[in-house]
Amino acid sequence: MKKVVKFGGSSLASAEQFQKAGNIVRAEECRRYVVPSAPGKRFGTDTKVTDMLYACYDAAEKGENFKEQLLAICDRYQEIITGLNLNLSLEEDFAQIEKDFSARAGKDYAASRGEYLNGKVMAAYLGFEFVDAAEVIRFRPDGTLETEKTDALLSERLSRCEYAVIPGFYGSLDDGRVKTFSRGGSDVTGSLVAKAVHADIYENWTDVSGFLLSDPRVVENPVAMETITYRELRELSYMGASVLHEDAIFPVRKEGIPINIRNTNRPQDPGTFIVESTCKKPRYTITGIAGKKGFCSINIEKSMMNSEIGFGRKVLQVFEDHGISFEHMPSGIDTLTVYVHQDEFEEKEQQVIAGIHRAVQPDFVEMESDLALIAVVGRGMKSTRGTAGRIFSALAHANVNVKMIDQGSSELNIIIGVQNSDFERAVRAIYDIFVITRL
């Protein structure tokens, strides 16, 4: 058995949290490769180290004195080092960072130092070898990951390490300049490492006991799922569920490596397994509920639309020409509705409407704003009769008016459109009907 373990920022925010992470790694000898994030918040009003680094570099870029801000970051790490009783000095590292900040090394370099330094602390604490991610993860000049080159570099380097710490979130361009993933990218690093070492399991340790069926800010104490498929997670991540960086799925999916979401503060909890496929029957008909506010709809009516070849293509071409992506496009015999992000659309709405009139000569165009989209996802829906009926019944009882419904051909998800003001009430009503009352 070989495991790769990734710890999020909240799991490494203090010496106490580091000790929990260390105990987890040492509890199983097969946990051989560790991917740390930068220290997160220690308490509600605290600042993440990555944000401190951004602010510090911003001051350096403006030519301001940033030494006090850099010292505050140094103090955060020293607090952890002292709390762990480590014989480790980061003095040279901070001297180099100060020099590089003065030389305007770039925001990506600045942000990456949080993981870099935490990786050094973690390696010293565990007695593992430190492998700088800049040496083994490669990006193209356009910022996209060089997947094959990265896999080759990681595989070769880690084949010589029985136990190693590889900082998350960053890599480098071919010229040596540091490049970062988007925020949360340490998840991707862990996935790349798991693929490179042919791990049996990729454990992702965070501050929740697995993938929750709904957002705990909307639903009180939602249940955690035992197992979820990659496809289900993709659908939910796209609609705002944020337990895992969505790009972290692809490297391990290709290798059939399951991801196990675990809670650093409750290591006894089994967490959630994310897998390619499973014959395990889900506990509930649905796997998750996720959604976003801030959409608007453009409803286009035209008699005999259904017999006009290329009508949908012409409409979408107008949106493409104005740089606007669409989310959903339900249609009827004489109507077609396009859902887009309101903030992207508002500035260009009149140009788009004019473009639609020129392209397809509609009878009528109507817009509606302040809408929310909710995804109800679950592999169990395909084999369960009346799922949509239960959703509509729940929403009707909650006095929520449904603006749109769109079901994918895979029968894996149903998308519902409601007013922004009804969003929370709608999510709670759907959760209640499938999980609490289970009617």
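The values are calculated or read from the model by the stated rules, or taken from the named source; none is laboratory data. Remember, predicted model here, so these are calculated numbers, not experimental data. Every residue, glycine among them, receives a Cβ derived from its backbone with ideal geometry; neighbour counts consider all protein chains shown. These area figures cover heavy atoms from the full protein model, side chains too; ligands, DNA and RNA do not enter into them. Shrake-Rupley method; radii C 1.70, N 1.55, O 1.52, S 1.80 Å.
Proximity of backbone amide H atoms, modeled 1.01 Å from N, is registered between residue 14 and no other residue at under 5 Å, excluding neighbours fewer than 5 places apart on the same chain.
Using equal-weight Cα scatterers in the Debye expression, the normalised intensity of segment 105-149 in log10 at q = 0.17, 0.31 Å⁻¹ is -0.61, -1.09. Mind giving me the FRET efficiency for residue 382 and residue 326? R0 is 25 Å, r the Cβ-Cβ distance, nearest 0.05 is fine. Efficiency, rounded to the nearest 0.05: 0.45. Under 5 Å between amide hydrogens, built in the peptide plane, is the criterion, and for residue 6 it picks out 35, 203, 204, 205 among residues at least 5 positions away or on other chains.
How much FRET efficiency would the formula 1/(1 + (r/R0)^6) give for residue 407 and residue 174, where r is the Cβ-Cβ distance and R0 is 41 Å, rounded to 0.05? FRET efficiency, residue 407 to residue 174: 0.35. Computed from the C-alpha gyration tensor, the three semi-axes of the ellipsoid equivalent to the chain are 43, 27, 20 Å, from longest to shortest.
Summary of packing: across the peptides 3-16, 264-277, 347-360, the per-residue average of other C-beta atoms within 10 Å ranks them, highest first, as 3-16, 264-277, 347-360. From its DSSP helices (H runs of at least four residues, each -39,500 (n - 2.57)), the chain gives a residue-normalised ellipticity at 222 nm of -11500 deg cm²/dmol.
Peptides 173-182, 91-100, ordered by how many other C-beta atoms sit within 10 Å of their residues on average, highest first, read 173-182, 91-100.
For a straight C-alpha distance cut-off of 15 angstrom, the aspartates and glutamates reachable from residue 302 (same-chain residues fewer than eight places away being disregarded) are 334, 363, 366.
Over segment 82-180, the fraction of Cα-Cα pairs per 5 Å bin, rounded to whole percents and listed from the shortest bin up, is 2, 13, 20, 23, 19, 14, 7, 2, 0. How much of the accessible area of segment 1-77, in percent, comes from carbon and sulfur atoms when a 1.4 Å probe is used? Ligands and nucleic acids excluded, carbon and sulfur reach 46 percent. 3J(HN,Hα) couplings calculated from phi for segment 162-170 with the Karplus curve 6.51 cos²θ - 1.76 cosθ + 1.60 (θ = phi - 60°) are, in sequence order, 6, 9, 8, 10, 10, x, x, 5, 9 Hz; Gly and Pro show x. The residues of the chain have, on average, 46 Å² of accessible surface per residue, using a 1.4 Å probe with all protein chains present.
Shape analysis of segment 212-270 places it in the oblate category; the axes a ≥ b ≥ c from the Cα gyration tensor give an a/c of at least 1.5, with a/b not above b/c.
Roughly how many debye, to the nearest 20, is the charge dipole of the chain about its Cα centre, given +1 on each Lys and Arg Cβ, -1 on each Asp and Glu Cβ, and no other charges? Computed charge dipole of the chain: roughly 1380 debye.
Translational diffusion coefficient of segment 161-223 at 37 °C, 0.692 mPa s, Stokes-Einstein with Kirkwood Rh over Cα pairs, in µm²/s as a whole number. Value of D from the Cα-based Kirkwood radius: 229 µm²/s. Most tightly packed first, judged by the mean number of other beta-carbon atoms within 10 Å of their residues, the peptides 127-140, 185-198 read 185-198, 127-140. Using C-alpha pairs below 8 Å separated by at least 6 residues, the relative contact order for the chain is 13 percent.
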